[in-house]
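Notes follow once the structure below has been shown.
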There are 2 protein chains.
Amino acid sequence: MSKKTIRLLFPQWQGGNNRDYYFGAELLAHIVPQNEQEKLIRIPVNQAFDQPLPIEHGIEGASQLMEQLTATTEILEEENPDKIIILGGDCAVSQAPFDYLAGRYKNNLGILWLDAHPDVATIKDSTRDHEMVLGNLLGKGAPLFAHKVKNVINPENVFFAGLIYDELRPRDQEVNRLNLRHAAPEKLRENSQPILEWIQENQIKELAVHFDLDVLSPQDFRSIYPAEPHLKEFDAAIGSLTLQEVTRILTDTSKQTDIVGLSIAEHMPWDAINLRKALSQISIFNEKG
Amino acid sequence: MSKKTIRLLFPQWQGGNNRDYYFGAELLAHIVPQNEQEKLIRIPVNQAFDQPLPIEHGIEGASQLMEQLTATTEILEEENPDKIIILGGDCAVSQAPFDYLAGRYKNNLGILWLDAHPDVATIKDSTRDHEMVLGNLLGKGAPLFAHKVKNVINPENVFFAGLIYDELRPRDQEVNRLNLRHAAPEKLRENSQPILEWIQENQIKELAVHFDLDVLSPQDFRSIYPAEPHLKEFDAAIGSLTLQEVTRILTDTSKQTDIVGLSIAEHMPWDAINLRKALSQISIFNEKG
């Protein structure tokens, strides 16, 4: 029977409080393989980039984020897809779609979190929803957003791939006690075995993949935050997988499970951002006709 | 009086015999500052990427290039714009528009060639039209294409900026005798004086700018050929200006002249190219619904 796949263009930026995620998502929609048969739905996102985001309930821009979360949930309920491609946007774009998929596939759904960072912070550690989104899905994270999750994920159904190990240091003891499975980049260089074992042990049939592009090495892929040109230092963990390794991981896992969700998050196309800014200063681009 | 600016989306790839210039141009159209008032015209480009380009009259893919050149010339004659933005595509995209502008602005038109390479090769040196396009405009280059130029450019109306000096070595004595003005990147770091002097001495009133993105340093801008991830060696000159320096040069010159043409050429967005290829191998992107 034919399955229904939809694409969500979700240029959310408030979760990381960085307006460039908006443009990053829009450009991403032109980069991914095109498919005219698949519906592309644009999630309405507040574009008041120049107004400061207030901290509400411990979260920067919580009310804008909540509106967008609610809109996404409603769209998914109406569309009722079998599979979802999500073009982000900050990491928090995964909350509504993964919750929806967990409702559809129940305990058969595994979540593969490809990310240099675990995104399980709480409002004690951070004010940014994009660091909490997986926590929210696990019923932890930010209470405001965790309360919206209808299908709380079991910790054993989650696997971190490409995580920089130091990032798993106990930030919040409660999250740490969840004992989430993970494999550092070094464990995945040769093969995808740690992930395939998790799939088998937990009888994962369907997979939702969160692909934060920052799981990649900035030498391999430069359209991510830590790959900013001329950057000297970076104050967070830097990914070290290659696009080729991620592709192999995903083709390997798709032989054992059905990939029913794929979020691509935190696309930060520096060249495009910088070129657009540069050209907007040049007369032929900024004069009225 | 209101001036008419048009945009040409010209995804020509045959001039460099590299299919990725096609996608590079398409993506560029989404990157440049948007303007709904300006007409965007797509030049029809042959997409038989998998067929080898035969060498005809010393040029790879000459008949396809000629068709595209002719189509562009016809569109310009019909549209009759005052100003043209050209979104390339290989460097040869500049031939028809610059010829048209030279017809319109006569000897008041200066050509500022921002490029690591001089693009004045002849069919004795190369088989690729993108290395010959400025030669063609000067009545040299490839005879097949030079013969199509209606308004041959005077050598004193041309200035090379950001050229890697070694590239000016005598390839073809005839071209070298033209004594084209140039400034290496080092001469332009502090200010744009060499270019402003050329403008004044030659009474340039209007300017056509050819901006080959490879005039930029691969550390500053990575969406160019020599910035390929993991590349060890590169067998041609590598640019060393920054986007900021190019922006300053163009804002400085626009105070003294009217920029009536701007080609942006040889956009090679490695991350986008590699990400699209990677995703096309993953089940959720390549299965039928």
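For B:Leu40, the criteria (1) at the interface with chain A (Cβ under 10 Å from one of its Cβ atoms); (2) outside any loop (DSSP other than H, G, I, E, B) hold in every case but one, which is (1). Every test in (1) farther than 30 Å from B:Asp82 by Cα; (2) touching a strand residue (DSSP E or B) at 6+ places or on another chain (Cβ under 8 Å) is passed by A:Ile282 save one, and that test is (1). With respect to (1) assigned to a helix (DSSP H, G or I); (2) within 7 Å of chain A (Cβ to nearest Cβ), the lone exception for B:Leu262 is condition (1). Applying the criterion of being of a type in the set (Val, Ile, Thr) and either at pLDDT below 95 or in a helix (DSSP H, G or I) (or both) to the residues of segment A:180-217, the residue that is nearest to A:Gln244 (Cα to Cα) is A:Val215.
Taking the numbered list (1) at pLDDT 90 or above; (2) out of contact with any Leu (no Cβ under 9 Å at 6 or more places or on another chain); (3) open to solvent by 40 Å² or more (accessible area, probe 1.4 Å) in turn, B:Met132 passes all entries but (3).
Inspect segment A:199-217 for any residue being without any contact (Cβ under 8 Å) to a residue 12 or more places away in the chain and of a type in the set (A, V, I, L, M) and give the result as yes or no. No, the conditions are met nowhere in segment A:199-217. Suppose the filter is touching a residue at least 12 places away in the same chain (Cβ under 8 Å), open to solvent by 20 Å² or more (accessible area, probe 1.4 Å) and more than 22 Å from B:Glu74 (Cα to Cα); does B:Asn17 pass it? Yes, satisfied. Being under 19 Å from A:Glu228 (Cβ atoms) and among the hydroxyl-bearing types (Ser, Thr, Tyr) is the filter; apply it to segment B:241-259 and report the residue that is nearest to the other protein chains (Cβ to nearest Cβ). Result: B:Thr247.
For every residue, the table says whether it meets (1) out of contact with any strand residue (DSSP E or B) (no Cβ under 7 Å at 6 or more places or on another chain); (2) surrounded by 24 or more Cβ atoms within 10 Å (Cβ to Cβ).
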| residue | (1), (2) |
| --- | --- |
| B:Phe234 | yes, no |
| B:Leu243 | no, no |
| B:Val246 | no, yes |
| B:Gly261 | no, yes |
| B:Pro269 | yes, yes |
| B:Ala272 | yes, yes |
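Residues of segment A:265-289 that are more than 8 Å from every other protein chain (Cβ to nearest Cβ), part of a helix (DSSP H, G or I) and of a type in the set (A, V, I, L, M, F, W, C): A:Ile273 alone. Condition (residue is within 9 Å of chain A (Cβ to nearest Cβ) and within 27 Å of B:Ile111 (Cα to Cα)) applied to segment B:185-200: is it met by at least one residue? No, because not a single residue in segment B:185-200 is within 9 Å of chain A (Cβ to nearest Cβ) and within 27 Å of B:Ile111 (Cα to Cα). Scanning segment A:43-63 for residues that are crowded, with 20+ Cβ neighbours inside 10 Å and part of a helix (DSSP H, G or I) turns up just one, A:Ala62. Each residue in segment B:213-240 was checked for being more than 13 Å from chain A (Cβ to nearest Cβ) and either among the hydrophobic types (A, V, I, L, M, F, W, C) or within 27 Å of B:Ile6 (Cα to Cα) (or both), and 4 pass.
Among the residues making up segment B:248-257, those that are open to solvent by less than 40 Å² (accessible area, probe 1.4 Å) and either of a type outside the set (Asp, Glu) or within 20 Å of the chain's Cα centre (by Cα) (or both) are B:Ile249, B:Leu250, B:Thr251, B:Thr253, B:Ser254, B:Thr257. Those helices (runs of 4 or more DSSP H) of segment A:90-160 in which at least 3 residues are more than 23 Å from A:Gly239 (Cα to Cα) and touching a residue at least 24 places away in the same chain (Cβ under 8 Å), considering only elements entirely within it, cover A:95-105, A:143-146.
Scanning segment B:45-57 for residues that are in contact with a helix residue (DSSP H, G or I) (Cβ under 9 Å, 6 or more places away or on another chain), in contact (Cβ under 8 Å) with a residue 40 or more places away in the chain and within 11 Å of another protein chain (Cβ to nearest Cβ) turns up nothing.
The values are calculated or read from the model by the stated rules, or taken from the named source; none is laboratory data. Please read these numbers as outputs of a predicted model, since none were measured by experiment. We place every Cβ from the backbone using ideal geometry, glycine too, and count neighbours over all the protein chains shown. Side chains are part of the model used for accessible areas, which takes the heavy atoms of the whole protein and leaves out ligands, DNA and RNA. Shrake-Rupley method; radii C 1.70, N 1.55, O 1.52, S 1.80 Å.
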